[in-house]
Amino acid sequence: MTQGVVYIHSAPRALAPHIEWAAGGVLGMPVRIRWEDQPARRGQLRAEFTWRGRADTGASLVSALRGLHELRFEVTQDPTTVTDGSRWSHTPELGIHHAVTDRAGNIVVTEDHVRGCMERAGGDALALQRELGVALGEPWDEDLEIYRHAGEGVPMRWLHRVS
């Protein structure tokens with residue numbers, strides 16, 4: 001078993017019940033989400049909720065949410081003794097970025113991935129910088145950053161690890 005957090009950074013109001021239904025379908029129980037206005041984008045909502053489940057639950061949540069248009073979200077999954085952690089980021093324009101994470105939440109880029117970045121860059125230092133940026137999810141972070149900040153009156157959730 002593992003756990004994680006789903007961050008809905010930006011969703012049209014009409015999608016709120018569909019998001020709850022999709023998450024509930026994956027988690028096998030009804031999900032009621034506390035929705036807040038998204039101050040970074042008028043008419044949009046934001047929310048977050050924690051989940052517990054099997055090691056494939058994070059990926060299943062992402063699959064269930066990715067088909068909902070105009071949705072910006074992230075799903076995190078904590079590592080276990082036998083699995084790595086993960087972070088999925090999604091924007092309507094960029095699609096999904098998946099990254100493996102370590103126990104501290106840092107993105108881990110494998111040797112093969114770095115070699116692929118080097119090969120695609122072909123000796124061009126700026127191209128290598130861009131390739132590594134994509135491997136780290138920088139374009140997704142740039143898009144999502146404004147939505148991640150809590151607006152006035154939006155509760156902040158402090159995360160902690162319980163072993």
ask   = What are the residues in the stretch 41-53 that are open to solvent by 40 Å² or more (accessible area, probe 1.4 Å) and within 18 Å of the chain's Cα centre (by Cα), if any?
value = Glu48, Thr50, Arg52
task = Starting from residues that are buried (at least 18 other Cβ atoms within 10 Å of the Cβ) and in contact (Cβ under 8 Å) with a residue 40 or more places away in the chain, keep the ones in the stretch 18-34 and report whichever is nearest to Met1 (Cα to Cα).
result = Ala23
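Kindly check whether there is at least one residue in the stretch 112-129 that is without any contact (Cβ under 8 Å) to a residue 60 or more places away in the chain, within 21 Å of Glu145 (Cβ to Cβ) and not β-branched (Val, Ile, Thr). It would help to see each step written out before you state the result.
Of the stretch 112-129, the ones without any contact (Cβ under 8 Å) to a residue 60 or more places away in the chain are 112-129.
Of the ones still in play, those that are also within 21 Å of Glu145 (Cβ to Cβ) are 129.
Subsequent filtering for residues that are not β-branched (Val, Ile, Thr) retains 129.
Looking for residues that are without any contact (Cβ under 8 Å) to a residue 60 or more places away in the chain, within 21 Å of Glu145 (Cβ to Cβ) and not β-branched (Val, Ile, Thr), one finds at least one in the stretch 112-129, hence yes.
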inquiry  = Among (1) closer than 17 Å to Trp140 by Cβ; (2) out of contact with any Ser or Thr (no Cβ under 9 Å at 6 or more places or on another chain); (3) open to solvent by less than 40 Å² (accessible area, probe 1.4 Å); (4) of a type outside the set (D, E, K, R), there is one condition Thr101 misses while meeting the rest; what is its number?
reply    = (2)
query = So is Thr91 within 20 Å of Pro139 (Cα to Cα), open to solvent by 40 Å² or more (accessible area, probe 1.4 Å) and among the polar types (S, T, N, Q) or not?
reply = no
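The values are calculated or read from the model by the stated rules, or taken from the named source; none is laboratory data. Here the structure is a predicted model, which means the values were calculated and not measured. When we count neighbours, we look across all protein chains shown, and the Cβ atoms used for this are built from the backbone with ideal geometry, even at glycine. The protein model used for the area step is the full one, side chains on, heavy atoms only, and it has no ligands, DNA or RNA in it. Shrake-Rupley method; radii C 1.70, N 1.55, O 1.52, S 1.80 Å.
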